[in-house]
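The values are calculated or read from the model by the stated rules, or taken from the named source; none is laboratory data. On a predicted model such as this, the values are computed, not experimentally measured, just so you know. Neighbour counts run over all protein chains shown; Cβ positions are idealised from the backbone, glycine included. Surface areas here come from the heavy atoms of the whole protein model, side chains and all, with no ligands, DNA or RNA. Shrake-Rupley method; radii C 1.70, N 1.55, O 1.52, S 1.80 Å.
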Amino acid sequence: MLRPTRNSGNPMLDVRNALLSENDWRLLTDEVVQVARAKRVIVDDLVSRGLTMPLPDIGTFSVEWQRMTDLDPADVSMSMSGNRQTDRADFNTDSAPVPIIHKDFYFDVREILAARQGGILQLDQTHVAMATTLVSEAEETIIMNGASNISWNGTPLYGLTTHPNRLTLTGSDFGTVANIETTFRSMVNTLLLN
């Protein structure tokens, strides 16, 4: 099935090369958005807290950022002259691959023509919902666990639970109520110290 393209600077779909009408695409898009919103818990949490980075287009293979080291503590003395130590922060570049998460499906030309006989889109939206659910689930899984099969320039795609610099803590058995409080206090202290 031919897909619509976006006009640069124009959010309207350009459906000149598509078998589906503009209204058909809008209905399919509405279904995608509705299903995705219901399934994206972690993604929505990150977006709502401003922890995402807009990308210019799908030509972005990786994102880069810099980490800065800290400076040594300030000098305390009775004189400004003498043996002063200079300091400078180091900047290290990190990166992460940006995968494309997709699930292709199609409508047979015959299905499309049969749906058109009624004058409105009567295509079964099940494929749209199922494909969207699979994409949303993959997003959530990648955020938590990364994707071991994805790397770019030698950099793997880590998740929250697989990043080498993640904070880990061994907790106690939650079968005892006192252990729950102790474990969570320890977790909060670990986060505050790092």
Within segment 36-56, considering residues that are part of a loop (DSSP other than H, G, I, E, B) and in contact with a helix residue (DSSP H, G or I) (Cβ under 9 Å, 6 or more places away or on another chain), the one surrounded by the most Cβ atoms within 10 Å (Cβ to Cβ): 40
Extreme residue, surrounded by the fewest Cβ atoms within 10 Å (Cβ to Cβ), among residues of segment 142-155 that are touching a Gly at 6+ places or on another chain (Cβ under 7 Å) and either without any contact (Cβ under 8 Å) to a residue 40 or more places away in the chain or part of a strand (DSSP E or B) (or both): 145
Hits in segment 106-128 (condition: modelled with pLDDT under 75, open to solvent by 50 Å² or more (accessible area, probe 1.4 Å) and under 22 Å from residue 33 (Cβ atoms)): 120, 122
Considering residues of segment 171-183 that are free of Cβ contacts under 8 Å to residues at least 12 places away in the same chain and hydroxyl-bearing (Ser, Thr, Tyr) only, the residue most open to solvent (accessible area, probe 1.4 Å): 182
Among (1) surrounded by fewer than 12 Cβ atoms within 10 Å (Cβ to Cβ); (2) out of contact with any helix residue (DSSP H, G or I) (no Cβ under 9 Å at 6 or more places or on another chain); (3) under 26 Å from residue 62 (Cβ atoms), the one test that residue 163 misses: (1)
Matching residues, segment 156-170, being in a loop (DSSP other than H, G, I, E, B) and touching a residue at least 60 places away in the same chain (Cβ under 8 Å): 158
Failed item in (1) open to solvent by 30 Å² or more (accessible area, probe 1.4 Å); (2) over 19 Å from residue 46 (Cα atoms), with residue 158 passing the rest: (2)
Residues located in segment 1-35, provided they are surrounded by 15 or more Cβ atoms within 10 Å (Cβ to Cβ) and at pLDDT 85 or above: 31, 32, 35
Every residue from segment 121-137 that is assigned to a loop (DSSP other than H, G, I, E, B) and in contact (Cβ under 8 Å) with a residue 40 or more places away in the chain: 121, 123, 125
Segment 57-103, subset of a type in the set (A, V, I, L, M, F, W, C), open to solvent by less than 60 Å² (accessible area, probe 1.4 Å) and not in a loop (DSSP other than H, G, I, E, B), residue nearest to residue 155 (Cα to Cα): 96
